[in-house]
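To keep things clear, I will list the structure first and then write my remarks on it.
What follows is calculated from the coordinates using simple rules that are stated; it is not laboratory data. Quick caveat: nothing in here was measured; it's all calculated off a predicted structure. Cβ atoms come from the backbone with ideal geometry, glycine included; neighbour counts cover every protein chain shown.
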Amino acid sequence: MGLGTAAVEGLVSAAESACRFCSAPLTQTFVDLGLSPLANSLLAEEDLDREEPRYPLHAYVCGSCLLVQLAEQASPQEIFEDYVYFSSYSDSWVEHARRYVEQMIDRFGFDGDSSVVEIASNDGYLLQWFVERGVPVLGVEPAANVAAVAEAKGIPTAVRFFSEQAARELVDEGRSADLVIGNNVLAHVPGLNDFVAGISVLLAPDGVVTMEFPHLLRLIEETEFDTIYHEHFSYFSALTVERIFAAHGLRLFDVEELPTHGGSLRIYGAQAGSETHADTGRVAELVERERAAGLADLATYAHFDGRVRAVRQGLQEFLEGARTEGRSVAAYGAAAKGVTLLNYCGIGPELVQYVADRSPHKQGLYLPGVRLPIRSPEHIAETKPDYVLLLAWNLKDEIVEQMGHVRDWGGRFVTPVPKVAVHE
Ligand code: ZN
């Protein structure tokens, strides 16, 4: 594998990195996934004769504050340039958003006099439900093409990256928020302190902030190392996120555990000085559970890399065995986690023939690095593979239901984590 210039620059900056929360030097590895291409940069046919930049995909745990994070390397500009993900293409995600909005209105009584701001509001898949209920909203979205789709649906959207400065500007424009929403954005923020400071500025004195992000406890317990990719800078426990919010004058008063993305948290925060939102006790209970699972001990994090290597070995052995027996394998789900998994495990077209995906925007393209061609799900019915490797294992039940006909020709589903498993 050739080392591009970009990869070399990445290696240099990784060696000098400091914790994005507390600035302590990052020295302890959580997991080293080697060099990997940017997970969402799918390749077109004409890109195949060019070499892709690869960057170190190396997660550290801060020895001082225990935040698990990638060392700084790929710039957010490069990542957001080709951002083609439209949230509304996922039915289950839009439904998740609808239920969230119902829940917030029922619990906190938002109405026509309230102000709701969503950070990284995408195409308005969530805010549309507040608009339907007559609650004033504002989206903040850095990708101009995605924001334009939201505006066209009648959802006012400010095209900018969220920061403390951006929050001050919004407040100056009279946009103080009774509810600040951030779903799957906190983990993607390079300037973590600047971002959380901005929430504190934007939030009204008795307002509520909710954030959703994948839960580090589940990542560790289920060996979900493939949820690590370059766009995803930080990996939070309740323990670390409570500390980070407290450092910016925000108090967590509730938390929910959600099944999304292999296990996520939804945290509820308020201004530390606000007495409106009583503590439910659930944050302390969860932190206690994390301590019992070893998340307050550095040694727990040190073991993870070895467990990940064992998963890789198991998957390689399974696929090489299938090839030896002359069995065919297709993959399902051309998402970021598949790119991490296949590149780290060195699984290319010689072991897995193609990857099927429902999104018409991905079909005809190739997965970065390993360069598996992306086909429609109908291609599976045409080629009748012996095994279907579920890269989007978090959607296993949904996919197995949609693809039940795989069993008609004796095909079987395979999940890669927490260890390779064949489902009868
Ligand atoms: Zn730290």
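Only beta bridges with both residues in the chain are counted; by DSSP, about 55 percent of them are antiparallel. Spin-label pair E285-K153: with each label point 7 Å from Cα along the Cα-Cβ axis, the two points sit 3.4 nm from one another. Can you tell me the 0 to 90 degree angle between the C-alpha axis of helix 91-108 and the longest principal axis of the chain, rounded to 10? Approximately 20 degrees, to the nearest 10. Put simply, the range 304-423 fits an ellipsoid with semi-axes of 20, 16, 14 Å; these come from the alpha carbon gyration tensor as the roots of five times its eigenvalues, largest first. For the chain, the cysteines with no partner cysteine C-beta closer than 4.7 Å are C345.
3J(HN,Hα) couplings calculated from phi for the range 316-323 with the Karplus curve 6.51 cos²θ - 1.76 cosθ + 1.60 (θ = phi - 60°) are, in sequence order, 4, 5, 4, 6, 5, x, 4, 5 Hz; Gly and Pro show x. Overall, the chain carries a charge dipole of about 760 debye about its Cα centre when +1 sits on the Cβ of Lys and Arg and -1 on the Cβ of Asp and Glu, all other atoms neutral. Here the extension length gained between S376 and T29 equals 121.1 nm, from 0.36 nm per residue of separation less the Cα-Cα distance. Distance between the 7 Å Cα→Cβ label points at R168 and A421: 5.1 nm. Compactness check for the chain: Cα Rg over 2.2 N^0.38 Å is 0.99. Mean residue ellipticity at 222 nm, helices only, the chain: -10000 deg cm²/dmol; runs of at least 4 DSSP H residues each add -39,500 (n - 2.57), and the sum is divided by the number of residues. Could you calculate the FRET efficiency of A278 with W409 from 1/(1 + (r/R0)^6), where r is the beta carbon distance between them and R0 is 45 Å, rounded to 0.05? Given R0 = 45 Å and the Cβ-Cβ separation, E is 0.20. Backbone phi angles across the range 200-205, fed through the Karplus curve with coefficients 6.51, -1.76 and 1.60 (θ = phi - 60°), yield HN-Hα couplings of 4, 5, 6, 6, 4, x Hz in residue order; Gly and Pro are listed as x. Between D206, D113, D226, the Gaussian network model of the chain with springs among Cα atoms under 10 angstrom shows the greatest mean-square fluctuation at D113. Of all lysines in the structure, those lying under 27 Å Cα to Cα from K362, and not within fewer than 8 positions of it along the same chain, are K153, K337, K384, K396.
Of all beta bridges that DSSP places with both ends in the range 304-423, some 25 percent have antiparallel geometry. For the range 87-277, the spherically averaged projection of the C-alpha convex hull amounts to 10.2 nm².
Taking 0.36 nm per residue of separation and subtracting the current Cα-Cα distance, fully stretching the chain between L298 and Q316 would add 3.5 nm.
Between the listed residues Y60, A299, P156, the Cα displaced farthest toward the positive end of the dipole of the chain, a dipole computed from Cβ unit charges relative to the Cα centre, is found at A299.
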